[in-house]
Amino acid sequence: MFSVTVRDHIMIAHSFRGEVFGPAQRLHGATFLVDATFRREQLDDDNIVVDIGLATQELGSVAAELNYQNLDDVPEFAGINTSTEFLAKVIADRLAEAIHKGALGEGAKGIAGISVTLHESHVAWASYERAL
């Protein structure tokens, strides 16, 4: 399996519901490094997994939708604990949608899977992986 990873970052604010979250039940900020990995069995006709420029651009667009947002105020996240794991899935699903719409080029239609990792710090991160 071949893979290419591109990186961006987001800064968000949010709060959680539930005792398991302790002090994170209060509004707090988080800065995440965001890695998006695109995987495929065979390289395309140009011997690449995906156009790195287009992948970087699309991850940047997805990240911009979340960046500097208080996620507690975003209607689509109403009543949802926007955990690191949950946000990794949101980003992966949005990238998958972009691939299906052709935003990463025709060659990207051969991508078999996407993995998104959000790094909370140098010692903790969470990922979500999905097939296409």
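What to note about this one:
- Only helical runs count toward this figure. For the chain, summing -39,500 (n - 2.57) over DSSP H runs of n ≥ 4 and dividing by all residues gives -8000 deg cm²/dmol at 222 nm.
- Each residue of region 86-100 was assigned a 3J(HN,Hα) from its phi angle through the Karplus curve 6.51 cos²θ - 1.76 cosθ + 1.60 (θ = phi - 60°); the sequence is 4, 5, 4, 5, 4, 5, 4, 5, 5, 5, 4, 4, 5, 5, 4 Hz, with glycine and proline shown as x.
- FRET efficiency for K101 and D72, using Cβ-Cβ distance with R0 set to 22 Å, rounded to 0.05: 0.15
- Hull-based mean projected area of the chain, where the convex hull spans the alpha carbons, in square nanometres: 8.2 nm²
- For region 62-132, the solvent-accessible area of protein heavy atoms averages 51 Å² per residue (probe radius 1.4 Å; ligands and nucleic acids excluded).
- Dipole-positive endmost among V6, A36, F77 within the chain (Cβ charges, Cα centre): F77
- Within region 81-122, backbone nitrogen closer than 12 Å to the virtual label 7 Å beyond the Cα of E129 toward Cβ: 113-117
- For region 1-54, diffusion coefficient by Stokes-Einstein and Kirkwood Rh (Cα), 25 °C, 0.890 mPa s, µm²/s: 174 µm²/s
- A Cβ-based charge dipole, computed about the Cα centre of the chain with Lys and Arg at +1 and Asp and Glu at -1, lands at about 260 debye.
- The calculated Kirkwood hydrodynamic radius for region 78-132 is 12.1 Å, given to one decimal from all distinct C-alpha pairs.
- Of all DSSP bridge pairs formed entirely within the chain, close to 95 percent run antiparallel.
- Efficiency of FRET between D46 and H9 - r from beta-carbon atoms, R0 30 angstrom, step 0.05: 0.55
- Sulfur and carbon atoms: percent of accessible area, the chain [1.4 Å]: 51 percent
The values are calculated or read from the model by the stated rules, or taken from the named source; none is laboratory data. For clarity, every value in this text was computed on a predicted model and none was experimentally measured. All Cβ positions, even for glycine, are placed from backbone atoms using ideal geometry, and neighbour counts span all protein chains on display. Accessible surface areas use protein heavy atoms only, side chains included; no ligands, DNA or RNA. Shrake-Rupley method; radii C 1.70, N 1.55, O 1.52, S 1.80 Å.
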